[in-house]
Amino acid sequence: MWFDSWSDIVRVLAVGAAAYVTVIVVLRATGKRTLSKLNAFDWVVSVALGSTLATILLSSDVSWAEGATALALLAFLQFAVAWTTTHLPGGRSVVTARPTLLLDDGRLLPHALKEQRVTEDEIRQAVRATGSGDLGSVAAVVLESDGSFSVISASQAGDRSALDGVRRAA
């Protein structure tokens, strides 16, 4: 339990170093988008990459070549999905949810809150996190496709062009 053999330790050191270098090479080759957190799919890929690296490091049943192939496959699939979402009409809607307006000009939108399973308290918390103490001073709160809240103050709303593409409650 505490120690099996020196060969296991040497394997973790050798394969771990090789896997680490492989992750760096794969991430550099595939670009920043591979580890972005723009939506839930991106987050899942990041978690899968970490899980794959851990498996390569700790499972003697997985060779470095198998692990490197898995890392490359995940990065390639992430690249393919990102390409699809940016180049094919409607591709983005298949992978990512559109952002949703939850508060408009200081008024909570109950239908949107219910549909997105967000509580009024969570909206108040997001507004407080921006340093505001008054919902009336907020032009919009948006639930983004990555699950985060964007809070736009009334004084910073401008022409509201940043809200283009945001789904509004019916």
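The values are calculated or read from the model by the stated rules, or taken from the named source; none is laboratory data. For clarity, every value in this text was computed on a predicted model and none was experimentally measured. All Cβ positions, even for glycine, are placed from backbone atoms using ideal geometry, and neighbour counts span all protein chains on display. Side chains included, ligands, DNA and RNA excluded: accessible areas come from the protein's heavy atoms. Shrake-Rupley method; radii C 1.70, N 1.55, O 1.52, S 1.80 Å.
Computed values, structure above
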{"quantity": "All positions within region 95-121 that are open to solvent by less than 50 Å² (accessible area, probe 1.4 Å) and assigned to a loop (DSSP other than H, G, I, E, B)", "calculated": "Thr96, Pro99, Gly106, Leu109, Val118"}
{"quantity": "Positions within region 2-17 being open to solvent by 40 Å² or more (accessible area, probe 1.4 Å) and assigned to a helix (DSSP H, G or I), in sequence order", "calculated": "Trp6, Ser7, Asp8, Ile9, Val10, Arg11, Val12, Leu13, Ala14, Ala17"}
{"quantity": "Long-range neighbours under 8 Å by Cβ, at least six apart or interchain, first residue over 12 Å from Leu102 (Cα atoms) within region 150-170, second open to solvent by 40 Å² or more (accessible area, probe 1.4 Å) and charged (D, E, K, R)", "calculated": "Ala154/Asp105; Gly165/Arg98"}
{"quantity": "Restricting region 43-68 to residues that are open to solvent by 70 Å² or more (accessible area, probe 1.4 Å) and touching a residue at least 12 places away in the same chain (Cβ under 8 Å), the residue that is farthest from Tyr20 (Cα to Cα)", "calculated": "Trp43"}
{"quantity": "Yes/no for Asp134 being charged (D, E, K, R) and modelled with pLDDT under 90", "calculated": "no"}
{"quantity": "Failed item in (1) closer than 27 Å to Val44 by Cβ; (2) surrounded by 15 or more Cβ atoms within 10 Å (Cβ to Cβ); (3) aliphatic (A, V, I, L, M), with Ala129 passing the rest", "calculated": "(2)"}
{"quantity": "Qualifying residue in region 69-87 (condition: outside any helix (DSSP H, G or I), open to solvent by less than 90 Å² (accessible area, probe 1.4 Å) and not acidic (Asp, Glu))", "calculated": "no"}
